[in-house]
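Everything below concerns the one structure shown next.
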Amino acid sequence: MPDNTVDYMTRPLELLTVSELTDAVGIKRSAELLGVSQRVVYTIRNTNRVGVERQMALINEIRKDENTCRMRLTITRRAREESRQPA
């Protein structure tokens, strides 16, 4: 399994995908920030597209507690990767 920890801990926020940004912030908080339902956040994640203002809202939220958000992103992505590994 590839180890993306360093990558997510150091990658500039502006280079994270929408899916990665919402993983870092959390689905519930992303929905609150974007003024949409959690279901719509999942749709946004699938398209991986969002307007610049919404992207900046997510980035600014991460900057409030960047280390925690980056750790959440790392843990979420690692767990997702592990769940895809054959038993």
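Any read-out appearing in this document is the output of simple, stated calculations on the displayed coordinates, not a laboratory observation. The shown structure was predicted, so the numbers you read here are calculated from the model rather than taken from an experiment. We place every Cβ from the backbone using ideal geometry, glycine too, and count neighbours over all the protein chains shown.
Against the longest alpha carbon principal axis of the chain, how many degrees, from 0 to 90 and to the nearest 10, is the axis of helix 38-47 turned?
The two axes meet at around 70 degrees.
Roughly how big is the chain's charge dipole about its Cα centre, with Cβ charges of +1 (Lys, Arg) and -1 (Asp, Glu), in debye to the nearest 20?
Numbers: 15 positive and 12 negative charges, 52 e Å.
Approximately 240 debye in magnitude.
How would you rank 37, 30, 83, going from fewest to most other Cβ atoms within 10 Å of each one's own Cβ? Write down the numbers at each step before the final one.
Details: 37 10, 30 26, 83 7.
The most exposed by this proxy come first: 83, 37, 30.
Arranged by the count of other C-beta atoms within 10 angstrom, fewest first, what order do 42, 8 take? Provide the component values of the computation, followed by the final result.
On the way: 42 14, 8 21.
Final ranking by Cβ density, sparse to dense: 42, 8.
For Cα pairs less than 8 Å apart in space and 6+ apart in sequence, what is the mean separation divided by the residue count of the stretch 5-76, i.e. the relative contact order in percent? Can you show the working numbers first?
On the way: 63 pairs, mean separation 33.4, N = 72.
RCO, the stretch 5-76: 46 percent.
Among 76, 10, 17, which comes first, second and so on when ranked by fewest other beta-carbon atoms within 10 Å? Walk me through the numbers on the way to the answer.
On the way: 76 16, 10 8, 17 13.
Lowest to highest Cβ neighbour count: 10, 17, 76.
Expected output is a single nm value to one decimal: the length gained when fully extending between residue 48 and residue 9, i.e. 0.36 nm times separation in residues minus the C-alpha distance. What is it?
Once the chain is fully extended between residue 48 and residue 9, it gains 12.0 nm.
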